[in-house]
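The values are calculated or read from the model by the stated rules, or taken from the named source; none is laboratory data. Worth saying up front: this structure is predicted, and the values here are computed from it rather than measured. Cβ atoms come from the backbone with ideal geometry, glycine included; neighbour counts cover every protein chain shown.
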Amino acid sequence: MKNLKHIFIAIIAAIVIYSCSPADQNFPGSEYMPDMGHSVAQEANAFNYYHYNTWDSASTIRLKDLAYPGLPVQGTVPRGYAGVYFAADKGEQSSDVIGQLRGAGAVNNIAVPVNGHVPYYYSDSEAERARATAEIIANPFPITAKGLERGKELYTIFCSICHGEKGDGVGYLVSDENPNVKYPAAPANFLLDDFVTSSNGRYYHSIMYGRNVMGSYKDKISYEERWQVIHYIRSLQAKEKKLEYSEQANTLNPAFGVPGSQVAPLAESISDAEAEQPEAAPAESEPTAPEEEPHGSGESHGKK
């Protein structure tokens, strides 16, 4: 009986000693009773499991999953100008919404950093593609020289290799300049009348989800950049049709974009000295008699 007692004490001592074994390289060590103080810290290249404070396989965390970036919670929108997307529903100009979010219009406004995230409520299907084409008409950003310049840069990087520098669908991948050309399908020719008359929604939906052998580009270019690329494609179409699509005028199709010169400025910059000067009172003047209309004009004011 005495020997059994000694054996039992020896077993308990062995367990205690083993539970306090030190860490060695990737082995974190052992302990008799783990507590809540353990970190879920991991090595990025180690494929193992976090087993502390767990009681079954369902509660065990696979550390490999923690190494990947998670998706945002569904329905949430980062701080940015998502309000631009809803401006049309409220009868507001997108430029006014952008101005408010950038701090224009009031002294106490807080400028929200523009991050280019806007929700898109169309799924990847032919029915939704047709709905986007029918409903998304106007470009929410005005036509500006800077925007067209940025759109050209992005088009050259992501689009011209297939659709061509002129938008004619003859990019390097399908041109005679490429001796190894084996493209499975011809890229879209944006200069065809079918694409010229198509709404902006057709282009935006293709950028978001891709089309045929073309992949999605929504993870490569931001919200505003997508619309600037579409602006540039419109300018290529206008050039082919001998029309104008610029900051000064849009003779291609007024519904597709508003020239920047026709958009009222959001704010006017003044110096501190000008701001300190009191506003001059309007000078009083004698009322003037209305001009008489020439006889025989056949028209009168106030009548249409």
Inset, instruction - Quick one: count up the residues across segment 170-198 that are surrounded by fewer than 18 Cβ atoms within 10 Å (Cβ to Cβ) and within 19 Å of Q228 (Cα to Cα). - result: 4
Inset, instruction - From (1) closer than 19 Å to T251 by Cα; (2) over 23 Å from the mean Cα position of the chain (by Cα), pick out the condition that doesn't hold for S175. - result: (1)
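If you take just the helices (runs of 4 or more DSSP H) that sit entirely in segment 148-234, which of them hold at least 2 residues that are touching a residue at least 60 places away in the same chain (Cβ under 8 Å)? Give the derivation first.
Values: elements: 160-163, 193-196, 200-209.
Where helices (runs of 4 or more DSSP H) fall fully within segment 148-234 and carry at least 2 residues being touching a residue at least 60 places away in the same chain (Cβ under 8 Å), they are 200-209.
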Legend entry - Candidates A134, A111, A138 - the one that is over 18 Å from H205 (Cβ atoms) and either among the hydrophobic types (A, V, I, L, M, F, W, C) or modelled with pLDDT under 95 (or both): A111
Inset, instruction - Note down all Cβ pairs under 6 Å where the first residue falls in segment 127-141 and is touching a residue at least 40 places away in the same chain (Cβ under 8 Å), the second is of a type in the set (V, I, T), and they're at least six residues apart or on different chains. - result: P140/V84
